[in-house]
Amino acid sequence: MSNKRAVITGGAGFLGSHLCEKMLENGIDVVCIDNLLTGSVDNISHLFGNDHFSFIKHDVTNFIHVPGNVDYVLHCNVNPIGPRGVYDEAKRFAEAITMAYHRFHGVETRIVRIFNTFGPRMRLNDGRALPAFISQALKGEDITVFGDGSQTRSFCYVSDLVDGIFKLLMSDTSDPVNIGNPEEITIREFAEEVVRFTGSKSKLTFLDLPVDDPKVRQPDITRAKNLLNWEPKVSRNEGLIKALDYFKGAALHS
Ligand code: UDP
């Protein structure tokens, strides 16, 4: 019997590349599609010798036909460039159209709502707080806290995230499911934590808060717990320890 086969768009990105590995580990062949706008061949080059993996450089806003059977499509194609409103609306539209395909065309679909995630292969300069703070701390630069830093976030380690996505994919749940780590921290406390963790001499500097910056972001993972028997296993601190070598290497080359 031949393996199942997954198409992963955005597969050369931070999360996409971890998803490629998760599928391969579970005996699923992977066709990775990425236009390499924000993704990188470096994230998947270790998979190139694998007969169960193939890569197509393509922008999925243009039509593409993948020949052969496809059992799963994992679509990580949000556009991170541009005003936040466009990004947010794009996500809402993607959920709406996914449900429409499910209801009217009977397509089997899953919707994962991904919360802040970190780990190896994350781009240092993608503007996000966690890689920014770690790189600033490692280089002894000021830590740029936006606003007074009282806004909260909760950071999920990437292995937990891909585990949750995999469990959702294998379930029969078509409603949206939050996958993230509910352990919440203020951005100011997190900045201080990163300074302590890296043993840095960096000081905090307070800059303007971006427009529409959410005050709180903490996933309610009740549904993931009940439906998927999933919850994160890696604490923020354990995740930072696991990812530190990657961030050190990336900071050296940035
Ligand atoms: N943030 C910050 N300094 C930075 C980058 C981000 O204080 O250099 C803040 C940002 O304003 C937000 C929080 O950290 O309140 C998390 O931002 P991020 O972009 O990482 O995630 P998101 O806002 O998408 O949850």
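Some notes on this structure:
- Within the stretch 207-228, residues that are within 21 Å of SER150 (Cβ to Cβ) sit with their Cβ atoms under 6 Å from residues that are within 7 Å of the ligand (Cβ to nearest atom) and in a loop (DSSP other than H, G, I, E, B), at 6+ positions apart or across chains, in these pairs: LEU209/GLY147; LYS215/GLN151.
- Within the stretch 1-25, being of a type in the set (D, E, K, R) and either assigned to a helix (DSSP H, G or I) or closer than 13 Å to SER40 by Cα (or both) holds for GLU21, LYS22, GLU25.
- Reported count of residues in the stretch 168-211, each being under 30 Å from ARG110 (Cα atoms) and away from the ligand (no atom under 13 Å from the Cβ), is 14.
- Test: ARG128 is within 16 Å of the ligand (Cβ to nearest atom) and either more than 24 Å from PHE206 (Cα to Cα) or surrounded by 14 or more Cβ atoms within 10 Å (Cβ to Cβ) (or both): yes
- Filter pass, VAL158 being within 16 Å of the ligand (Cβ to nearest atom), touching a His at 6+ places or on another chain (Cβ under 9 Å) and under 24 Å from THR9 (Cα atoms): yes
- Test: residue in the stretch 82-101 that is part of a loop (DSSP other than H, G, I, E, B) and surrounded by 12 or more Cβ atoms within 10 Å (Cβ to Cβ): no
- The numbered conditions (1) surrounded by fewer than 16 Cβ atoms within 10 Å (Cβ to Cβ); (2) under 30 Å from SER154 (Cβ atoms) are all true for ASN77 except (1).
- On inspection, ASP34 fails the criterion of being over 18 Å from the mean Cα position of the chain (by Cα) and surrounded by 12 or more Cβ atoms within 10 Å (Cβ to Cβ).
Bear in mind that the values in this text are calculations on the coordinates, not laboratory data. No experiment lies behind these values; they were computed from the predicted model shown. Neighbour counts are summed over all protein chains in view; Cβ atoms, including those assigned to glycine, are modelled from backbone coordinates with ideal geometry.
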